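Structure, as structure tokens:
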Amino acid sequence: MVVFITGGLSSIGKEITKYLLDNHHTVYLNYLTSDPNIFNEYPNIIKVPGDINDDNYLIETFKLIKANHQQLDLIINNACFCQDDLIGDKTKESLLKEINTNLVAPYMIIKYYQEYFSSGKIINMLSTDGIDTYNEYNSGYALSKAGLLNLTKSMAYSLKDFKVYGLVLNYVKTDSVLAMNPDFLNKELTRINQKELIEVNTVIKHIDKLINGDFDSGYIERVDGNE
């Protein structure tokens, strides 16, 4: 299987990338600022660093995949940006960066995907913050993820030869989450009724389920730490 993953060296993205490589899939790895030397031991990785907000980068990447493999079996829209602040402190610049990275870029990726390839599967990484766990600090992020949820459903309706899925997560046990103020994190977990942090290997199990399952396009899988 040939896979293109965005943000594939982020905390969750890195584990998804490792899972894909360990299962012998050919991985086109997008990253922007992370350490590019990771995964050098894998022969089945092609690193394509660049900004997913750059249309030229996306077009050239899809052209490269098309030239090398003719088919792209799966896209995982994992890259995201979040700028936590109160609405009174939110700048237009940071709001647009959240919307562009978390919503507009996945839209354009899917647009070019269906232009260059005839079929395939898409997994959009979503958040419960786009549904019902938002707080006063993440209004821009919540807005963008709510949009991505609805994009998943609308693209599933529009693209008949592609399957579009969403994986909805709340707090995952990553380095960034563990570095949060523990009092704030505990209060948040209590507020949203999340019993425990989601283990990264649980995320991988659900990714595997979506990759290998045969769900109707538009299927949304929610993982909220209460399993």
>> Spelling out what I want: for every residue of region 65-82, take phi, set θ = phi - 60°, compute 6.51 cos²θ - 1.76 cosθ + 1.60 (Karplus), and round to whole Hz; glycine and proline get x.
In response: 4, 4, 5, 7, 10, 6, 10, 10, 7, 8, 10, 10, 7, 10, 4, 7, 9, 9
>> From the P(r) of the chain, could you give the percentage of C-alpha pairs in the tail past 24 Å?
In response: 42
>> From the Cα trace of region 1-123, what convex hull volume per residue do you get, rounded to a whole Å³?
In response: 103
>> If R₀ is 35 angstrom, what is the calculated FRET efficiency for the pair Ser176 and Asn68, using the beta carbon separation as r and rounding to 0.05?
In response: 0.55
>> From the phi angles alone, apply the Karplus equation (6.51, -1.76, 1.60; θ = phi - 60°) to region 198-213 and give each ³J(HN,Hα) in whole Hz, x where the residue is Gly or Pro.
In response: 6, 6, 4, 5, 5, 4, 4, 4, 6, 4, 4, 4, 6, 5, 9, x
>> If the reach is capped at under 17 angstrom between alpha carbons, list the aspartates and glutamates near Lys121, excluding any in the same chain fewer than eight residues apart.
In response: Asp73, Asp161, Asp208, Asp214, Asp216, Glu221
> In degrees between 0 and 90, to the nearest 10, how far off the longest principal axis of the chain does helix 105-116 point, with axes built from Cα atoms?
Replying inline: 20
>> Can you show me the helix-derived [θ] at 222 nm for the chain, built from DSSP H runs with n ≥ 4 at -39,500 (n - 2.57) apiece and divided by the number of residues, rounded to the nearest 500.
In response: -13000 deg cm²/dmol
> Given a Förster radius of 41 Å and the C-beta distance between Tyr157 and Thr190 as r, what FRET efficiency does 1/(1 + (r/R0)^6) yield to the nearest 0.05?
Replying inline: 0.65
> In Å and whole numbers, how far do the C-alpha atoms of region 125-182 stretch along each principal axis, longest first?
Replying inline: 45, 22, 14
> Calculated FRET efficiency, Asn44 and Lys209, Cβ-Cβ r, R0 22 Å, to nearest 0.05?
Replying inline: 0.50
>> Let me check the size of region 128-227 from its C-alpha atoms; what are the radius of gyration and Dmax in Å?
In response: 14.8, 47
> Simple spin-label model, 7 Å along Cα-to-Cβ: Asp54 to Lys90 in nm?
Replying inline: 2.8
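Every number here is computed from the coordinates shown, using simple stated rules; none is lab data. Nothing here was measured: the structure is a model prediction, and the numbers come from that model. Using ideal geometry, Cβ is built from the backbone for each residue, glycine included, and neighbour counts are taken over all protein chains shown.
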